[in-house]
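Have a look at the structure below, then the notes.
The values are calculated or read from the model by the stated rules, or taken from the named source; none is laboratory data. Everything numeric here is computed off the predicted structure, so don't read it as measured data. We place every Cβ from the backbone using ideal geometry, glycine too, and count neighbours over all the protein chains shown.
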Amino acid sequence: MQDLQGKIVLITGASSGIGRATAQLMASRGANVVINYNTNKKGATETVTAIRELGGECIAVQADVTKKDQVEVMVQEVVSIYGAVHVLVNNAGGGIKQSTFMDMTEELWDDTYALNVKSILLCSQAVLKDMLSRKSGKIINLSSAAARIGGSGESIHYASTKGAVNTMTVGMSREFIEYGIIVNGVAPGIVETPFHDKFAPEDNRLERLVASVPMKRAATPLEIAEVICFLASDVANYILGEIITVSGGR
């Protein structure tokens, strides 16, 4: 049983897509969920409302997870309300926009790394202060199957950040297990989320990507959320430093 009763869970970038699905699923399994958002207040509010209507406990906290001061204020607020953070899901991330390697600007490269890699550093550091004091906790980092194949056309910058996430996940798992903190990752493949609305141009790219999946379909956000919830639960207490790929065999 993936029982999360009483767990305090902080999920970054949870106003839509995988983050929203994870928040709803964890709340349904008894967790007190804190969803972080940056600009999508409407989506965050809708997520909170949906969870509360089903009897779950949820609040939303705004913070730009690429800014250290905002991250620290966010985590301090969560700890002041609930007393702890038992699970951190580093879900915030994205591709920003596509670019060929030779056209890549320094700004796009830096912004992509800030969103996908620096955010994990900042959020994990802030939450680990609480986890280390209790010698307990779980961190789940969202990677991507793109890390293993270098991206799919004009997305090397995005794929490389997810390779960094994989390395960070393994390194963090080794460093913090002696303090009772378990770190793992989930690497989705093609998922039906708003990510593609911004990252994929209108040239049937998404259809071509789906065609390359052996199962011939994209994943639903809920299918990714199920794996995240599994890792957050006590059922997965002997899994450490793993990156679980959920890609339909791609």
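Here are some notes:
- Test: residue in segment 6-27 that is without any contact (Cβ under 8 Å) to a residue 60 or more places away in the chain, over 25 Å from N116 (Cα atoms) and polar (S, T, N, Q): no
- Qualifying position, being of a type in the set (D, E, K, R) and either at pLDDT 95 or above or in contact with a Gly (Cβ under 8 Å, 6 or more places away or on another chain) (or both), among K129, K97: K129
Okay, residues lined up against (1) farther than 25 Å from M131 by Cα; (2) of a type outside the set (A, V, I, L, M, F, W, C); (3) surrounded by 24 or more Cβ atoms within 10 Å (Cβ to Cβ); (4) in contact with a Cys (Cβ under 7 Å, 6 or more places away or on another chain):
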{"residue": "M26", "(1), (2), (3), (4)": "no, no, yes, yes"}
{"residue": "V34", "(1), (2), (3), (4)": "no, no, yes, no"}
{"residue": "R52", "(1), (2), (3), (4)": "yes, yes, no, yes"}
{"residue": "S99", "(1), (2), (3), (4)": "yes, yes, no, no"}
{"residue": "L108", "(1), (2), (3), (4)": "yes, no, no, no"}
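- The one condition in (1) within 28 Å of L4 (Cα to Cα); (2) within 16 Å of the chain's Cα centre (by Cα); (3) not basic (K, R) that G95 fails to fulfil: (1)
- The number of residues in segment 72-94 being assigned to a helix (DSSP H, G or I), surrounded by 16 or more Cβ atoms within 10 Å (Cβ to Cβ) and out of contact with any strand residue (DSSP E or B) (no Cβ under 9 Å at 6 or more places or on another chain) comes to 1.
- Given (1) closer than 22 Å to I228 by Cβ; (2) touching a residue at least 40 places away in the same chain (Cβ under 8 Å), index of the condition T49 fails: (2)
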